[in-house]
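First the structure, in the form of structure tokens, and then the observations on it.
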Amino acid sequence: EELEVERSVNKLIAARELLAAELASRDGVEAFPSQANFILFRTRFVARRLFDALYQAGVLVRDVSGYPMLERCLRVSVGTPEENTRFLEALDRALETLE
């Protein structure tokens, strides 16, 4: 049982690192280091506009731009590789649309 938990944690860490690297490679996206199961990121766009574009694509993230010092920030949970790919594809389309 403990080995199974360790495997799950290691998979989550690997997925988080890959997702963070992918986010950071996007133009105009700043991903902040994370030790949690989510990644905070900032874009040059109004967070609510990006949130709405992602939501319309069926991807739910958390708009945290109302918190102090988090203007233009959203938070995405680390998911399965398929979910992370779907998020990144929706993000790319949304970023193009908002240009």
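The values are calculated or read from the model by the stated rules, or taken from the named source; none is laboratory data. These numbers were taken from a predicted model, which means no experiment stands behind them. Here the Cβ positions follow ideal geometry from the backbone for every residue, glycine too, while neighbour counts run over all protein chains shown. SASA here: full protein model, heavy atoms, side chains in, ligands and nucleic acids out. Shrake-Rupley method; radii C 1.70, N 1.55, O 1.52, S 1.80 Å.
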Exercise. For the Cα atoms of the chain, what angle does the longest principal axis make with the long axis of helix 81-98, in degrees from 0 to 90, nearest 10?
Worked result: 10 degrees
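Once you sort the root eigenvalues of the Cα gyration tensor of segment 1-72 as a ≥ b ≥ c, which label holds: rounded (a/c under 1.5), prolate (a/b larger than b/c) or oblate (the other case)?
Values: a/c = 2.17, a/b = 2.00, b/c = 1.09.
Prolate, since a/c reaches 1.5 and a/b exceeds b/c.
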For this session: Grab the other residues whose beta carbon is less than 10 angstrom from that of residue 74, score K and R as +1, D and E as -1, and report the net.
Result: +4
For this session: Treat each spin label as a single point 7 Å out from the Cα along the C-beta direction, and report the residue 8 to residue 56 distance in nm.
Result: 3.7 nm
Problem set entry | Pair residue 99, residue 44: separation of 7 Å Cα→Cβ label points (nm) | 1.1 nm
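Given a cut-off of under 8 Å on Cα pairs at least six residues apart, what relative contact order in percent is computed for segment 2-99? Show your work: numbers first, answer last.
Details: 121 pairs, mean separation 25.0, N = 98.
That works out to 26 percent.
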Seminar exercise, completed: With a 1.4 angstrom probe the carbon and sulfur portion of accessible area for the chain, in percent, totals 53 percent
Exercise. Tell me, what is the 1.4 Å probe accessible area of residue 63, in Å² to the nearest 10?
Worked result: 40 Å²
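For the chain, what is the accessible area per residue in Å² when the probe is 1.4 Å? Before the final figure, lay out the partial values.
Details: 6600 Å² over 99 residues.
For the chain, the per-residue accessible area is 67 Å².
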For this session: Read phi for every residue in segment 70-77 and hand back ³J(HN,Hα) as whole Hz from Karplus 6.51 cos²θ - 1.76 cosθ + 1.60, θ = phi - 60°, with x for Gly and Pro.
Result: 10, 4, 6, 9, 10, 10, 10, 7
Problem set entry | Whole-Hz ³J(HN,Hα) from phi, Karplus 6.51 cos²θ - 1.76 cosθ + 1.60, for segment 13-21, glycine and proline x | 4, 4, 5, 5, 5, 5, 5, 4, 5
